[in-house]
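Since the structure comes first, as structure tokens, the remarks are kept for the end.
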Amino acid sequence: MASLRPVILIADGMPNTIPEMDRVLGALGYETSLARNVTSALSIADELEPAAAVLGLHLPGGGPLTALRQMRASAHGASTAIIVLAHPGPGKEALLADGVDLCLDPPVREDDILAALEELLESETNSPTA
């Protein structure tokens, strides 16, 4: 049976982040795809064209900024809603300058990430180009 909810890519190198987000989003009916490094995240993004991606601060292989830049440069990546878990500072400023849709300061509560995803996906659905 096909998923009624969009595919969400979850990518991070922290051992607890991915399973916890997968559990929460899966319980809400989202189909998730999981990556533990930038290379895997980009491969999954190209193959599945997720509606959204949540990138962790500790993403091996170049970090969330590398993943963001390469995803945005791809054909589908320009329309993917991208959330990065990032602390305030120059790294966060670079992410915002390079087109991340939203940065959330860790630690992130489940309610915060869910509200952010719902808002971004709803605005994407209601945009004139959707």
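The values are calculated or read from the model by the stated rules, or taken from the named source; none is laboratory data. Please read these numbers as outputs of a predicted model, since none were measured by experiment. Note: ideal-geometry Cβ built from the backbone for every residue, glycine included; neighbour counts use all protein chains shown.
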| query | Pairs, please: C-beta under 8 Å, at least 6 apart or cross-chain, first residue among the β-branched types (V, I, T) and in the range 103-125, second surrounded by 12 or more Cβ atoms within 10 Å (Cβ to Cβ)? | reply | V108/L85; I113/M21; I113/V24; I113/V54; I113/I83; I113/L104
| note | Counting only residues that are surrounded by fewer than 19 Cβ atoms within 10 Å (Cβ to Cβ), within 14 Å of the chain's Cα centre (by Cα) and without any contact (Cβ under 8 Å) to a residue 40 or more places away in the chain, the range 6-26 contains a total of 1
| task | Kindly provide the set of residues from the range 60-78 that are assigned to a helix (DSSP H, G or I), touching a helix residue (DSSP H, G or I) at 6+ places or on another chain (Cβ under 7 Å) and of a type outside the set (A, V, I, L, M, F, W, C), ordered by number. | result | P64, T66, Q70, R72, G77
| Looking only at the range 79-112, which residues are within 20 Å of I10 (Cβ to Cβ), modelled with pLDDT under 90 and of a type outside the set (D, E)? | A86, H87, G91, P106, P107, V108, R109
| Would you pick out the residues in the range 52-79 that are farther than 23 Å from N16 by Cβ and surrounded by fewer than 21 Cβ atoms within 10 Å (Cβ to Cβ)? | R69, Q70, R72, A73, S74, A75, H76, A78, S79
| message | Every residue in the range 27-45 that is surrounded by fewer than 19 Cβ atoms within 10 Å (Cβ to Cβ) and closer than 16 Å to P64 by Cα, please. | response | L34, N37, T39, S40, S43
| query | Residues in the range 95-108: is at least one crowded, with 16+ Cβ neighbours inside 10 Å, touching a Lys or Arg at 6+ places or on another chain (Cβ under 7 Å) and within 23 Å of E20 (Cβ to Cβ)? | reply | yes
| note | In the range 71-118, residues that are more than 13 Å from the chain's Cα centre (by Cα) and under 21 Å from E47 (Cα atoms) total 4
| message | Residue pairs, Cβ under 6 Å, 6 or more apart or interchain, first in the range 82-102 and free of Cβ contacts under 8 Å to residues at least 60 places away in the same chain, second assigned to a loop (DSSP other than H, G, I, E, B). List them. | response | I82/V100; I82/D101; V84/V100; A86/L57; K92/A86; L95/A86
| note | Within the range 113-130, the count of residues that are at pLDDT below 90 and under 19 Å from E49 (Cα atoms) comes to 7
| message | Against the conditions (1) within 13 Å of the chain's Cα centre (by Cα); (2) of a type in the set (G, A, S); (3) in a loop (DSSP other than H, G, I, E, B), where does A45 fall short? Just the number, please. | response | (3)
